[in-house]
Structure formats: C-alpha cells, structure tokens
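A.B. asks: Starting off with a structure, shown below.
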Amino acid sequence: MILKMSDICKDIGNIWSRQFDHRSFLSGEINSMLQEFEQKRKDTEVDNLFKTIENITDIKDTEVDRFKQAVDQVLPETNNELQQALTVCSRFSDVENKYKESDYLERARQQRKTDWDNFMDYITTSYSEINSLTESKEEGLQKVYSELAQKLKI
C-alpha cells in the first residue's frame, strides 16, 4: 500500500492539530466558565454600582449642604479662638523677650553666682580649719596617751 505524499501531509496535519491545537477545547471551557460565572453573580456588580451612585447623589444633594452650613457656623468661632490664642502667644513672646533683654535679671544671676561661690569658699575654708583642728587635737591626745602608757610601764 503506497501512500501518497498528500495523504501523509494530511495525516501529519491531523496529528499536529490533535496534539497542539486546543482552540475548540479552550473555547468550550471559556464559554462554560462565563456561563457559570454569570449565573452565580448575575447582575450584582451592576446593582452595587447603582446603589453606590444613589448613595453618592444622596450625599451630594443633602449632606454637602448640611456640611457647608455647619462649617459656616463653626469656622468663624474657630477662627476667633485661633486669633485669641495667637494674641496670647505673642504676648508671652513679648514678655519673654523683655526679660531676656533686661539687665536686672542678668545682674541678679551674676550676684547669685558670686554669692554661691563665696559661700562655697567659706564652707571649704571652714571645713579645712575644722579638719586641721581635729588633726591637731588628735595628735595632742595621742601624745598624752603615749606619755600615760610610758608612765604606766615604768
């Protein structure tokens, strides 16, 4: 049985299409997935979109005006309170600058520092005098006791 070249080419084409051409299978699977997806989901996305649009228009129609009214009532009060707070802050800043520039405070600080240094010098000298007196008394007592100890041993 001699096969013609055209028959061989047809057979090879059939083999290739069965092995590598999956268009018919894929299109069937895609169609079944789409049908299943559409049946399960139906029009929920469209319904959700319409509900969202309704909510947005309701907010636009009612809430925006109420918000504007509330803002118009509250913002002037808030602005006044902020202006008062800024005024108080500027007063504090002015007072602080005034006291920073004052020579009196600086002189008082220097006087306190000088008094403290003098006090510490006085305390240091007093402690050193007390220590020297204590040491001299201790030496004197040691001499007295050593003399007594020598007299007792004799």
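A.B. asks: Please go through the range 100-137 and give me each residue that is more than 50 Å from the chain's Cα centre (by Cα) and open to solvent by 100 Å² or more (accessible area, probe 1.4 Å), ordered by number.
C.D. replies: Correct list: Tyr122, Tyr127, Glu129, Leu133, Glu135, Lys137.
A.B. asks: So which residues in the range 14-35 are at pLDDT below 75 and surrounded by 10 or more Cβ atoms within 10 Å (Cβ to Cβ)?
C.D. replies: Passing the criteria: Trp16, Ser17, Asp21, His22.
A.B. asks: Against the condition modelled with pLDDT under 85 and loosely packed, with under 10 Cβ neighbours inside 10 Å, how does Asp47 come out, does it pass?
C.D. replies: Here the answer is no, as Asp47 does not meet what is asked.
A.B. asks: Oh, and also: From Lys60, Lys4, Lys40, which residue is basic (Lys, Arg) and at pLDDT 75 or above?
C.D. replies: Lys60
The values are calculated or read from the model by the stated rules, or taken from the named source; none is laboratory data. A quick note: this is a predicted structure, and the numbers were derived from the prediction, not measured. So basically every Cβ, Gly included, is an ideal-geometry build from the backbone, and we count neighbours across all protein chains shown. Accessible surface is based on the protein model in full, side chains and every heavy atom, while ligands, DNA and RNA are left aside. Shrake-Rupley method; radii C 1.70, N 1.55, O 1.52, S 1.80 Å.
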